[in-house]
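Below: the structure, in structure tokens.
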Amino acid sequence: MITFYEDALCENCYAVRLLLHMLAVPYTSHFIELYPSRANLQPRFRAINPLAELPVIDDDGVIIAGAAPILVYLAAKHAPGTWYATDTPALAQVTHFLTLAERLSATVGAARRHESGFAPTDLPAAHTGATRLLRGLDAHLWFAEQQGNAWLLPTPHPTIADLACFPHVILCEEGGISRQPYPALRRWCDRVKRLPNFLVMPGVFLTAPPKTE
Amino acid sequence: MSAHAWHPIAAARDLPPRHVFHAKLLGQELAVWRADDGFINVWENRCLHRGVRLSIGLNEGQELKCQYHGWRYASRTAGCTYIPAHPEGAPARRIANRIFPVIERHGLIWSALETSPDDLQTSLPPDPLVLREIAIDAPAAIVEPLLAAYDPPGHGPRPIFFIQPTDSESCVIRGVVPEPPPTGALALLRLHDAALCALRDVAEQRPAA
Ligand code: FES
């Protein structure tokens, strides 16, 4: 059984929680509050992850830390042909978006943590960086749609690339970054929300069910 | 830049079924959604209950439902049809959101903030190639001369551009290619996209220079 160390308001934990639910993998939650109590800095948690960061999973003794590595681990183990890529270009593309998600966390996510009063940051720099990344993602998805693709990778099934980026995009307005200039990103958010077993977190809302003929 | 003039506010493709598009025109926020019967609604982006943005609401096909407390508004009239706190009595039909005129033409969605007496006059073919919109953090007045000097990349035809003034500090370039070549549409879209993104860099740096 997997033990999932998580915080209810952490967007990186949300990415992992989404995949656990979409794969229907059973797990038990262990909540570590990041703010304001900073429970992640306690020796008990540092013994599990010396970096003192969330998320972490413990899969019967296999400990994996960080959203991207956990997504890779879970998807490669439980859904290699769908949620995780197995061929060469797709592997590189997935890695590209996992890296991009980290950069979103450092800009969009930093702005959100700043606005929540959790962690002060250089807000103008965070917004400048966020705009650059969100514009790039929006353009990527617009051209994907033109080619009949719904997801970040040109595959019929979504991948962990989508789940890694989604939390940052859907929570960006909490950091004072409007999604209004990014129509392709907004449509993609609707598609992610319509995936089976999707679940919300505080600040995330459902969308209408798809039209049925 | 008149409130009485038609402006493009979206591409037709921006309005898939059950989606709510978030637009802005001359500082006015708009919630734009296509009902299941194809009708396009352009509404003030504000719930009459507590002012929550309707662009985060649910497009349920014939009604838009507010995300917060579930007030519902009917397609076409924007009349409030349901208030959860008063499930017994039908809400007064005179409670209605503000609606704006709309025309779908040439692959674009057009609106005006004040009622527009005249029909939209353009000499475009019905189905041109619509470029990706380019949102720019610079006023339309700065973008206009840059677009006038736009040099189409490659040897392709020159697109026709419209500038959507989102507010006094920003705008959106919407371009259409009237007679696109029979093949290579995607490559043409990418060429113009790259050129327009470069133009945006110039427009956004200009005030600081
Ligand atoms: S704010 Fe829309 S229903 Fe309350």
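All of the numbers you see were taken from the coordinates with simple rules; none came from a lab. Quick caveat, the model's predicted, so the values are computed rather than measured. Don't worry about glycine lacking a Cβ; one is built from the backbone with ideal geometry, like all the others, and counts go over all protein chains shown.
Stretching B:A198 away from B:T77 to a fully extended chain increases their span by 39.4 nm, per 0.36 nm per residue minus the current alpha-carbon distance.
When each of A:S105, B:S2 is scored by the number of other beta-carbon atoms lying within 10 Å, the sequence from fewest to most is B:S2, A:S105. When each of A:R191, B:R98 is scored by the number of other beta-carbon atoms lying within 10 Å, the sequence from fewest to most is B:R98, A:R191. GNM remark for chain B: springs join alpha carbons under 10 Å apart, and the peak mean-square fluctuation among B:D167, B:D137, B:D151 falls on B:D151.
Relative to the Cα centre, the charge distribution of the range A:2-78, modelled as +1 at Lys and Arg Cβ and -1 at Asp and Glu Cβ, gives a dipole magnitude of about 80 debye. Helical content alone sets the calculated 222 nm signal of chain B at -4500 deg cm²/dmol, taking -39,500 (n - 2.57) per DSSP H segment of four or more residues and averaging over every residue. Helix B:185-205 axis versus longest C-alpha principal axis of chain B: approximately 90°, rounded to the nearest ten.
In this calculation the C-beta distance from B:F39 to B:A187 is compared with R0 = 35 Å, giving a FRET efficiency of 0.50. Computed from the C-beta positions of B:D167 and A:T3 and an R0 of 45 Å, the FRET efficiency is 0.35 to the nearest 0.05. Across the range B:7-111, Cα pairs under 8 Å and at least six residues apart give a relative contact order of 25 percent.
The GNM of chain A, with springs linking C-alpha atoms under 10 angstrom apart, assigns the highest mean-square fluctuation among A:A68, A:A39, A:A126 to A:A39. Given the C-alpha centroids of the range A:146-170 and the range B:69-84, what is the distance between them in whole angstrom? Going from one Cα centre to the other spans 33 Å. Could you give the longest part of chain A that holds none of the chymotrypsin sites (Phe, Trp or Tyr not before Pro) found in DSSP loops with at most 15 neighbouring Cβ atoms within 10 Å? So the longest stretch without any such site is A:1-117. Restricting the range B:1-103 to GluC sites (Glu not before Pro) that sit in a DSSP loop and have at most 13 other Cβ atoms within 10 Å of their own Cβ leaves B:E88.
Rounded to the nearest Hz, the phi-derived 3J(HN,Hα) couplings of the range B:52-68 under the Karplus curve 6.51 cos²θ - 1.76 cosθ + 1.60 (θ = phi - 60°) are 5, 4, 6, 5, 9, x, 10, 7, 9, x, 10, 9, 10, 10, 5, 5, 7, where x marks glycine and proline.
Checking every one of the trypsin sites (Lys or Arg not before Pro) in the range B:1-81 against DSSP loop status and a limit of 15 other Cβ atoms within 10 Å picks out B:R50, B:R76.
For the residues of B:13-23, the average number of beta carbons from a partner chain within 10 Å of their own beta carbon is 5.
Measuring between their Cα centroids, the range A:46-80 and the range B:135-209 lie 45 Å from each other. Taking the fewest neighbouring Cβ atoms within 10 Å as the starting point, the ordered list for B:T122, A:T131 is B:T122, A:T131.
Mean-square fluctuation check for chain B, GNM, Cα pairs under 10 Å: which of B:A12, B:A195, B:A23 is largest? Evaluated over chain B, the most mobile residue of the options is B:A195.
Taking all Cα pairs closer than 8 Å and separated by 6 or more residues, the relative contact order of chain A comes to 22 percent. Given R0 = 25 Å, the distance between the Cβ atoms of B:Q121 and A:Q146 translates into a calculated FRET efficiency of 0.30.
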